[in-house]
1. Could you run through the range 196-248 and say how many residues are crowded, with 24+ Cβ neighbours inside 10 Å and assigned to a loop (DSSP other than H, G, I, E, B)?
2. For residue 324, work out the one condition from (1) under 30 Å from residue 242 (Cβ atoms); (2) free of Cβ contacts under 8 Å to residues at least 12 places away in the same chain it doesn't fulfil.
3. Among what's in the range 19-64 and is within 10 Å of the ligand (Cβ to nearest atom) and outside any loop (DSSP other than H, G, I, E, B), pick the residue that is nearest to the chain's Cα centre (by Cα).
4. Taking the range 69-102 on its own, how many of its residues are within 16 Å of the ligand (Cβ to nearest atom) and either within 23 Å of residue 197 (Cβ to Cβ) or not assigned by TED's automatic domain parsing to the domain that holds residue 28 (or both)?
5. Among the residues of the range 252-266, which ones are surrounded by 20 or more Cβ atoms within 10 Å (Cβ to Cβ) and either within 15 Å of the ligand (Cβ to nearest atom) or on the phi > 0 side of the Ramachandran plot (or both)?
6. Take residue 119 and tell me if it is at pLDDT below 95, in a helix (DSSP H, G or I) and either over 24 Å from residue 284 (Cα atoms) or within 12 Å of the ligand (Cβ to nearest atom) (or both).
7. Return only the number of the condition from (1) surrounded by fewer than 20 Cβ atoms within 10 Å (Cβ to Cβ); (2) farther than 21 Å from residue 191 by Cα; (3) out of contact with any strand residue (DSSP E or B) (no Cβ under 7 Å at 6 or more places or on another chain) that residue 291 does not satisfy.
8. Test of understanding: among 106, 127, 66, which residue is touching a helix residue (DSSP H, G or I) at 6+ places or on another chain (Cβ under 9 Å), without any contact (Cβ under 8 Å) to a residue 40 or more places away in the chain and within 23 Å of residue 10 (Cβ to Cβ)?
Ligand SMILES: Cc1cc2nc3c(=O)[nH]c(=O)nc-3n(C[C@H](O)[C@H](O)[C@H](O)COP(=O)(O)O)c2cc1C
């Protein structure tokens, strides 16, 4: 019987499915619900020391629908948590007092200030959280404070901040990467150099979902205006897979033993299998939970187990990164195809043309038939 149980950075998880930071982990009530449904871990909504600076607007989501009506893309202009830090500390404690089976991971974000990061990390650790995810990737809002993606796009700052956090805690630290960058390996390498135990990828992709053709206003429209937001859901999966592949390749080559949490459009066990085949240790789901509810973890686990049974994989490690060796350069693809065609041609040329019925052979039958059609 295959098992989904896994240990990542010392965290014992009943399965690799983790709630991605966002509305599905936005207060104690919903976090408890996620653990009750059997999620392997929960990454809470990103917190900062001074929530009074966080002011959200509404509407703050815009959806892209397929012709079938299915939501395939989801833009949000939501900020990090607007709930006071002391309330979060209290809720982290209460959550851990309930002894959930999975890991409780605090997502944190602050300004470029060592004391602020240190205070935030130490207070969350004292509250009993199991690990940290550093949000270096929120694409909208707060860039004026050099937070989120504004920090994640600067490898030098990233390395320094990861160093501050590592000095402040012994707990696992995952640095969450922004996809809004040309080469994701650069911030990835900086975070791992700084001491992050793992990476998470991806956060949302900077986007404009559409323009209303009656009002001519871009969406989501707030008082007639908008601002570019972050794109998530099914539509971003191909981009997320590519970035996960690049980060997994970096980890294998330069930081063996460090971990990777993959996310972006995961909605099924088969989606999760693909992220693990490309090197993810865990998989996160955020928008999928907003579409299907917390209970979607059960069919996801079942589908992932069925995939493992089909291939006779006993553990997640049996197939983690198994598809990575099948990436190469385009020039190499051309070379491989040219070589295969030449070999086929040579094999066909060596098939002797049957001159009498006694020369037909069971093994060569199809080739002999083909050779006769060419004369
Ligand atoms: C409404 C919404 C709010 C989000 N808030 C946060 C956040 O506070 N911190 C964070 O690190 N990521 C946040 N994210 C990003 C998600 O955690 C995730 O990286 C992204 O949406 C891609 O995964 P998905 O397609 O499974 O949603 C948010 C996403 C959405 C849709």
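The values are calculated or read from the model by the stated rules, or taken from the named source; none is laboratory data. None of these values were measured; they are calculated from a predicted model. Counting neighbours? That spans all protein chains shown, and the Cβs are built from the backbone with ideal geometry, glycine included.
1. Residues in the range 196-248 being crowded, with 24+ Cβ neighbours inside 10 Å and assigned to a loop (DSSP other than H, G, I, E, B): 5 in total.
2. The failed condition is (2).
3. Only one residue tops the list, namely 19.
4. Residues that pass the stated criteria total 3.
5. Once the filter is applied, which keeps residues that are surrounded by 20 or more Cβ atoms within 10 Å (Cβ to Cβ) and either within 15 Å of the ligand (Cβ to nearest atom) or on the phi > 0 side of the Ramachandran plot (or both), the range 252-266 yields 260, 261, 262, 263, 264, 265, 266.
6. no
7. (3)
8. 127
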